[in-house]
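Structure, as structure tokens:
The values are calculated or read from the model by the stated rules, or taken from the named source; none is laboratory data. Small disclaimer: the values here were computed from a predicted structure and weren't measured. When we count neighbours, we look across all protein chains shown, and the Cβ atoms used for this are built from the backbone with ideal geometry, even at glycine. Remember, those area values only see protein heavy atoms, side chains included, never the ligands or the DNA or RNA. Shrake-Rupley method; radii C 1.70, N 1.55, O 1.52, S 1.80 Å.
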Amino acid sequence: ARSGARYQLGMWLPYLERLNRRFIVITRYPHTVAEISDLTSAPVLVPKLKSSNGRLWHLVVDSLKAAFYVQNHQANVDMLRFPRLTHIWLNHGDSDKAANYSARHAAFDKVFVSGQQGVERYAEHGVRIRPDQFAIVGRPQIERIETHDEPLPLGAPRTVLYAPTWQGGKPNTNYSPLFLGSKIVDALLARGATVIFRPHPFSYDFADDAAAIARTKSMLEADRRKTGRAHLWGAAAEKDRSIL
């Protein structure tokens, strides 16, 4: 796709590199090469003519065995035309968004999901995927997260990560709760929580969402001055740190 490489592709690169197998990254858009090259030492290749579907054959050499796809782009079909490859839908997230049960995924040889719920999601929405197409691979990106089942002691300080998604590219994929952001954050502040606010990077492209982000940041700044709680927002939450 034209954008999103840093988080869509970037989340998988460390795990592909751990496999100790040679791989390349193919992008249709030359302007994304610099960003991708910052994320990996693997070769980053661009078809000769991005507007010509036939030019991918220059890159699909005999030693190439499989293709992983991290974005629901319609241009994926151009690579799917090479039947000798094993085509694997990898995705860049796993949620109840429509992108996670697209009928397009039936075209892939393998559909990687994080758990059984990912398998069942397709059937629940009438999308037919053969059982042998699925592979449950867990969610490698959460390997560093420690979970604790016991409740926090009463009165213990709470830190809450608020990371709302974006509104999507079309009206029927608008899952963003940013219009409720100020209410959510206000309730957290009223309960004495320290808030880390990390909106989806694409939300800045929409005027209403950008305004909601600005209001939420102002609330956190005002509360930090008033209470001294170490809320995080802006670059400190969105760029200086990873999601983990």
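Listed values, structure above:
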{"item": "Extension gain (nm, one decimal) between L180 and Q117, 0.36 nm per residue minus Cα-Cα", "result": "20.0 nm"}
{"item": "Over segment 58-128, relative contact order from alpha-carbon pairs under 8 Å, at least 6 apart, %", "result": "28"}
{"item": "Potential extension, L244-D208 segment - 0.36 nm per residue separation minus Cα distance", "result": "10.2 nm"}
{"item": "Karplus (6.51, -1.76, 1.60) ³J(HN,Hα), θ = phi - 60°, over segment 192-204, in Hz, Gly and Pro reported as x", "result": "x, 7, 8, 10, 9, 9, 9, x, 4, x, 6, 5, 5"}
{"item": "Considering only the chain, percent of DSSP beta bridges that pair antiparallel, nearest 5", "result": "0"}
{"item": "For F134, residues with placed amide H under 5 Å, excluding near neighbours", "result": "V111"}
{"item": "Segment A163-R84, extension gain: residue separation times 0.36 nm, minus the distance between their alpha carbons", "result": "24.4 nm"}
{"item": "Candidates P153, P131, P201: whichever shows maximal mean-square fluctuation once the chain is modelled as a Gaussian network with Cα springs under 10 Å", "result": "P153"}
{"item": "Portion, in percent, of the accessible area of segment 2-61 that falls on carbon or sulfur, probe 1.4 Å", "result": "54"}
{"item": "Projected label distance in nm at E124 and I142, using a 7 Å step from Cα toward the beta-carbon", "result": "1.5"}
{"item": "Mean separation of Cα contacts under 8 Å, 6 or more apart, over the residue count of the chain: relative contact order %", "result": "11"}
{"item": "Residue-wise HN-Hα coupling along segment 233-242, computed from phi with Karplus coefficients 6.51, -1.76, 1.60 (Hz; x: Gly, Pro)", "result": "7, x, 4, 4, 9, 9, 10, 5, 10, 7"}
{"item": "Computed [θ] at 222 nm, helices only, for the chain once each DSSP H run of length n ≥ 4 contributes -39500 (n - 2.57)", "result": "-7000 deg cm²/dmol"}
{"item": "Size of electric dipole in the chain: Cβ of Lys, Arg +1 and of Asp, Glu -1, about Cα centre, debye, nearest 20", "result": "500"}
{"item": "Accessible area in square angstrom per residue, the chain, 1.4 angstrom probe", "result": "62"}
{"item": "Identified option (computed mean projected area of the Cα convex hull in nm²; candidates (1) 17.2; (2) 23.2; (3) 15.8)", "result": "(3)"}
{"item": "Most mobile of R144, R28, R104 in a GNM of the chain (Cα contacts under 10 Å)", "result": "R144"}
{"item": "Sequence-separation-based contact order of segment 1-128, relative, with Cα cut under 8 Å and 6+ spacing, percent", "result": "18"}
